[in-house]
Amino acid sequence: MSIGPLCLAGWILVLCSKSMLSLIMVRILHGLAVGGAYTITPIYAAEIAEPKLRGSITGIYQITSYIGTTYAFSVGPYLSYDMFAYACLPLPIINTIIWIYVPETPYYLLMTKHDNEAKDVLKYFRNGDIEEEFQDMQKAVAEQMSTKGSWKILFCDKVERKALIIVQIVAMAKYLTGMTVFLNYALDSFSKSGSFHIISAEEMTILMEVLPAVIAIFAIFMSDWIGRKPLLLVSCFGCFMAHFLTGGYYYIHEKTTLDASNFTWALYIGFFVYCIFSDIGVGPLLETLQSEMFGAKTRGIACGFTQGFAGVLSLIVIKIYTPINEHYGVYLNYWFYSLVALICGLLLSLLMYETAGKKIGQMEDRPWDKAFA
């Protein structure tokens, strides 16, 4: 419920002041809101969802994230500074009103010893008999609450440490393969390509936001049907091929005397393939995994740590993008993303285990557990 007011305060400040200090405060307010949303929303979705539907429900969050970004990218270029703020102002108000009527999760209510209220909330989210599921939930929460949650547990407990390492690898696969750069520097990348004659670079940027949103609608049903691990591996190796192809185009365009217009197809295919493969795996599944792989006492800490780590990774790839472009060329950025995707795919093929359909925090022993002991 705090996310909406934080966003609203930021947009009001945008309209009231244009000073550097005010814009820094806006960035802090919106940063707190987005950080909270990215951390809490997957947890909430996972804690209200049935195990068989958890991947689909947590995946809806990725769709709405893309829709919000598409909205901003679509109206931003055609509105003035103030009008853009007015266009964004109603959204946090609507969000706040809706969340007034949304109940707490049954997991959290059980953790805080409100068992009767937890049962009522579970009935609200389910159709049919809930007795067996509620008893399983009580038992799981009791077991997970028997150990005091702390940072130390994340790093010292074998199971929690294994989950933490896997989730951080997925975070690297998502952010070090250029997803943040793709959003922040899409216009710059398309402008440098010198290949857009049918539509402008601005329109291509909007298209590259609409496409992931459409793909994500179909992808949300795949993680529960196919499984998390197969999708992650296909996603990583698909991103590897896509970025390698895109980097190849930019290398020809920037470093050779060949006519790059003959290879425009490689750029289009590279971006299109990246949108597909990132959105069926590393895009939506990071939030799904971070909400289901940890116990009740460490889930919040683990999700906060993961989003902090993701922020650091995003900062790194954003800050090195322009210097690499200026000193070496755009191609090297994309070949770096390609290498990261390949390495992460290989690591996940060795370490990742399937979590689809399992209860939150439920782990299975694997032969490689000793490696984390």
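Would you mind pulling out the separation of the Cα centroids of segment 301-332 and segment 2-46, in Å? One Cα centre to the other: 21 Å.
Ordering of 5-17, 229-241, 58-70, 112-124 by packing is 229-241, 58-70, 5-17, 112-124, highest average first (other Cβ atoms within 10 Å, averaged per residue). Taken along the Cα-to-beta-carbon direction at a fixed 7 Å, the label points for Val75 and Glu143 span 4.8 nm.
The helix-only estimate of mean residue ellipticity at 222 nm for the chain, built from DSSP H runs of length n ≥ 4 each weighted as -39500 (n - 2.57), is -25000 deg cm²/dmol after division by the residue total. Full extension of the chain between Glu133 and Trp99 yields a length gain of 9.7 nm, computed as 0.36 nm times the residue separation minus the alpha carbon distance.
Measuring nothing but how far apart in sequence close Cα pairs (under 8 Å, 6+ apart) lie, relative to its length, the chain scores a relative contact order of 27 percent. Here the 3J(HN,Hα) profile of segment 302-312, calculated from phi with Karplus coefficients 6.51, -1.76 and 1.60 at θ = phi - 60°, is 5, 5, x, 4, 4, 5, x, 4, 4, x, 5 Hz, Gly and Pro shown as x. Of the residues Gly295, Gly281, Gly36, which exhibits the maximal mean-square fluctuation in a Gaussian network model of the chain defined by a 10 Å Cα contact cut-off? It is Gly36.
From most to least packed by mean Cβ count within 10 Å, the peptides 248-259, 154-165 give 154-165, 248-259. Looking at this model, which pairs from Lys139/Lys162; Lys119/Lys139; Lys113/Lys297; Lys113/Lys139; Lys158/Lys229; Lys255/Lys319 are more than 18 angstrom apart at the alpha-carbon? Those over the limit are Lys139/Lys162; Lys158/Lys229; Lys255/Lys319. Ranked by the mean number of other Cβ atoms within 10 Å of their residues, highest first, the peptides 287-293, 19-25 come out as 287-293, 19-25. Taken over the Cα atoms of segment 1-43, the convex hull encloses 44 Å³ per residue. With both labels modelled 7 Å from their Cα along Cα-to-Cβ, the Tyr124 to Ser19 distance reads 4.3 nm.
Throughout, read-outs are computed from the coordinates displayed, never taken from laboratory work. All values derive from a computational prediction rather than experimental measurement. Note that each Cβ is placed from the backbone with ideal geometry, even for glycine, and that neighbours are counted across all protein chains shown.
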